[in-house]
Amino acid sequence: MPEGGPGSEVPTGDDPVELAHWLLDRARFGEAERLAAYADHGMPVDLTDARGNTLLLLGAYHGHAEVVQVLAARGADVDVVNDRGQTPLAGAVFKGYADVVRTLVELGANPDLGSPTARATAAFFERPDLAALLPDPRQG
């Protein structure tokens, strides 16, 4: 199987929907360099699937801090909220990806945005280790 998981070969047709799905899968599989190259050649960095999940949100949810970094560096919204009220930061907390949580916090992601918020998610799943990575709401 090619590196990057199933379907990692570039689509050869002219179908923009097929290409969009393929790019969204690149975020899921953590192909940061490939996404950076596409973004540098005009791919919308906030490309969204039918549920409002952006490339950055999918990268965060699947534990790929480098995907988050390269997309944010190219203007992707770190505080995007999908159709279910979820943010990249809350998704990373939910999945337990401390490196992604740190990356998003460093990029200025708001821990009190979305439903549930990243802060509420950390409390619900009893993750004081991840809650400690979130900025103190009294600071600011």
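Per-structure values
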| quantity | calculated |
| --- | --- |
| Packing-based ranking, highest mean first, of 117-123, 20-26, 52-58 given that Cβ atoms within 10 Å are counted | 52-58, 117-123, 20-26 |
| Label-zone membership for segment 58-73, site Phe125, 7 angstrom Cα→C-beta point, backbone N under 15 Å | 58-65 |
| Along each principal axis, Cα extent of segment 1-131, largest first, Å | 46, 27, 23 |
| MRE, 222 nm, helices only [DSSP H, n ≥ 4, -39500 (n - 2.57), over the chain, to nearest 500] | -13000 deg cm²/dmol |
| Computed over the chain: relative contact order in percent, which uses C-alpha pairs under 8 Å that are six or more apart | 17 percent |
| Equivalent ellipsoid semi-axes, segment 95-140, via Cα gyration tensor eigenvalues times 5, rooted, Å | 14, 13, 10 |
| Segment 1-83, relative contact order [Cα under 8 Å, separation at least 6], % | 28 percent |
| Alpha-carbon centroid distance for the pair segment 76-140 / segment 13-30, whole angstrom | 26 Å |
| Relative pair counts by distance (%), Cα atoms of segment 58-112, 10 Å bins | 29, 63, 8 |
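The numbers here are math on the coordinates, done by the rules we state, and not lab data. Since the model is a prediction, treat every value here as computed from it, not as a measurement. No Cβ is skipped: glycine too gets one built from the backbone with ideal geometry, and neighbour counts run over all protein chains shown.
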